[in-house]
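**Q** Structure in structure tokens, see below.
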Amino acid sequence: MQETTRLAALVQERIGDTIARHRAALAPLGADADPLLDGAAGFLGGGKRFRAQFAVLGYRAVRPLDVEGPVDAEFGAVLDAACALELFHAAALIHDDIIDRSDTRRGRPAVHRAFAARHREHGWRGAAEHFGLAGALLLGDLLQSWADELMEEARAAIPDPEAANRARAHFNRMRSEVAVGQYLDVLEEQQPGFAAHDAQLERSTRVLVYKSAKYSVEAPLLIGAALAGADDAQESALAGFGLPIGVAFQLRDDLLGVFGDAEITGKPAGDDLAEGKRTVLVTLAREQLPTTTRRIFDDLIGEELDGEQVAMLQRTIRESGAVDRVETMISRNVERALGALDDAAIRRDAAEQLSRLADRATRRSF
């Protein structure tokens, strides 16, 4: 726990330094740019830092790294990569909230809502909602740019060009997969109805894997390991751990999106239902519903819901047995991931830390 606390502090400090450095470089643009930079600082304050932790553990799986020691050039390069992942994650969340028309994030107004509120407060001309969308899009783009710069700094500090290039390749593929996975999620929501069960489950799983699961765990592990000079066998073992843990992580997130406590998740209960998310959870629930109940269920998904309707849908999903099935899927994915670490050619101390972090990432409560 002490290591985790220090790493989180170091990541936050480095993110703060990154923002301060860019703020100084952008000073000639004047004070009008401050709200955009303030938005970056505010959005990047805190968080679970799972991706940063997995990146550091990916490195430690291959090479020793004293997380409690001084930040030398080697540790600094790993921290740059870890922070690049956190900046990319922040950008993805900002854009995701625009796409989903979300009002809140982490218990505060979503970035596009905050910019729209600023427009209204100042009485500016034009549409406040359009300004909010534009501001949030540009902030997300800015964070993507800074993430790319940090990844380049990490790459430049690695003496082995092959290792540096391999890490960059993992980073590039991750970004492409997330963008396409997000598009597939949007496309799925536009379909006039659910597909046949097996086809729908395959489509829902594909979105889960490429929009979230791979970039939440697998990609950070592979980026960290590549920076450390991992060979094919080590990367394969870490991918064998990372993908199922990422799937379990997102399945837990899907449960939280329906049943989560707003005080904990920072989002309204049942938010995924109102947004029309065709998740694995929803797909499994539909399979067990009588025809009439399923028709009512389908009509409500993706609509503006009141508290009573949310509660009814939650109850329907629970009674269908889908929650228990998803919990079983989470447990099986965790078991599969831990099995991939058995006899893997990685450092044992890192394997133990990965097991503990996997438990934290997949056992978040409602």
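**Q** If Val186 satisfies every condition in (1) in contact (Cβ under 8 Å) with a residue 60 or more places away in the chain; (2) over 22 Å from Gly276 (Cα atoms); (3) under 22 Å from the mean Cα position of the chain (by Cα); (4) surrounded by fewer than 19 Cβ atoms within 10 Å (Cβ to Cβ) but one, which is the exception?
**A** Going through the list (1) in contact (Cβ under 8 Å) with a residue 60 or more places away in the chain; (2) over 22 Å from Gly276 (Cα atoms); (3) under 22 Å from the mean Cα position of the chain (by Cα); (4) surrounded by fewer than 19 Cβ atoms within 10 Å (Cβ to Cβ), Val186 breaks only (2).
**Q** Taking region 37-55 as the search range and keeping residues that are hydrophobic (A, V, I, L, M, F, W, C) and touching a Phe, Trp or Tyr at 6+ places or on another chain (Cβ under 9 Å), which one is nearest to Ala114 (Cα to Cα)?
**A** Among residues in region 37-55 that are hydrophobic (A, V, I, L, M, F, W, C) and touching a Phe, Trp or Tyr at 6+ places or on another chain (Cβ under 9 Å), the one nearest to Ala114 (Cα to Cα) is Ala40.
**Q** Continuing with the same structure: Taking region 299-325, which residues are closer than 22 Å to Lys267 by Cα and of a type outside the set (A, V, I, L, M)?
**A** Gly302, Glu303, Glu304, Asp306, Gly307, Glu308, Gln309, Gln314, Arg315, Thr316, Arg318
**Q** Restrict the check to region 335-357 and report whether at least one residue is assigned to a helix (DSSP H, G or I) and farther than 21 Å from Ser236 by Cα.
**A** Of region 335-357, the ones assigned to a helix (DSSP H, G or I) are 335-341, 348-357.
Filter once more, keeping what is farther than 21 Å from Ser236 by Cα: none.
No: region 335-357 contains no residue that is assigned to a helix (DSSP H, G or I) and farther than 21 Å from Ser236 by Cα.
**Q** May I pose another question? Can you name every residue in region 228-243 that is on the phi < 0 side of the Ramachandran plot and either open to solvent by less than 10 Å² (accessible area, probe 1.4 Å) or among the small types (Gly, Ala, Ser) (or both)?
**A** Taking region 228-243 first, the residues on the phi < 0 side of the Ramachandran plot are 228, 230-243.
The answer is Ala228, Ala230, Ala233, Ser236, Ala237, Leu238, Ala239, Gly240, Phe241, Gly242.
**Q** Conditions: (1) of a type in the set (Ser, Thr, Tyr); (2) touching a residue at least 60 places away in the same chain (Cβ under 8 Å); (3) exposed (fewer than 12 other Cβ atoms within 10 Å of the Cβ). Thr5 meets all but one. Number of the miss?
**A** (2)
**Q** Please note which helices (runs of 4 or more DSSP H) are completely contained in region 71-165 and include at least 1 residues that are under 22 Å from Ser212 (Cα atoms) and among the small types (Gly, Ala, Ser). Working first, answer last.
**A** Values: elements: 73-100, 111-122, 128-156.
Passing ranges, in order: 73-100, 128-156.
**Q** Within region 170-183, which residues are open to solvent by 10 Å² or more (accessible area, probe 1.4 Å) and either in contact with a helix residue (DSSP H, G or I) (Cβ under 8 Å, 6 or more places away or on another chain) or in contact (Cβ under 8 Å) with a residue 60 or more places away in the chain (or both)?
**A** Passing the criteria: His170, Arg173, Arg175, Glu177, Val178, Val180, Gln182.
A quick yes/no check of all residues on (1) open to solvent by 60 Å² or more (accessible area, probe 1.4 Å); (2) under 22 Å from Phe54 (Cα atoms); (3) modelled with pLDDT under 90:
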{"position": "Phe259", "(1), (2), (3)": "no, no, no"}
{"position": "Asp271", "(1), (2), (3)": "no, no, yes"}
{"position": "Thr279", "(1), (2), (3)": "no, no, no"}
{"position": "Thr291", "(1), (2), (3)": "yes, no, no"}
{"position": "Phe297", "(1), (2), (3)": "no, no, no"}
{"position": "Ala311", "(1), (2), (3)": "no, no, no"}
{"position": "Val334", "(1), (2), (3)": "no, yes, no"}
{"position": "Asp342", "(1), (2), (3)": "yes, yes, no"}
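**Q** Evaluate the following for Ile264: is it modelled with pLDDT under 95, among the β-branched types (Val, Ile, Thr), at negative phi and under 18 Å from the mean Cα position of the chain (by Cα)?
**A** yes
**Q** Sticking with this structure for a sec: Can we say Val111 is in contact with a strand residue (DSSP E or B) (Cβ under 9 Å, 6 or more places away or on another chain) and buried (at least 23 other Cβ atoms within 10 Å of the Cβ)?
**A** In short, yes.
**Q** Residues being farther than 30 Å from Ile158 by Cβ and touching a helix residue (DSSP H, G or I) at 6+ places or on another chain (Cβ under 7 Å): count how many of those fall in region 194-227.
**A** Of the residues in region 194-227, the ones farther than 30 Å from Ile158 by Cβ are 194-208.
The next check asks that each one be touching a helix residue (DSSP H, G or I) at 6+ places or on another chain (Cβ under 7 Å); those that pass are 194-195, 197, 200-201, 203-208.
Within region 194-227, residues that are farther than 30 Å from Ile158 by Cβ and touching a helix residue (DSSP H, G or I) at 6+ places or on another chain (Cβ under 7 Å) number 11.
The values are calculated or read from the model by the stated rules, or taken from the named source; none is laboratory data. Fair warning: this is a prediction, and the values are worked out from it, not measured in the lab. When we count neighbours, we look across all protein chains shown, and the Cβ atoms used for this are built from the backbone with ideal geometry, even at glycine. Please note that ligands, DNA and RNA were not included when accessible areas were found on the heavy atoms of the full protein model with its side chains. Shrake-Rupley method; radii C 1.70, N 1.55, O 1.52, S 1.80 Å.
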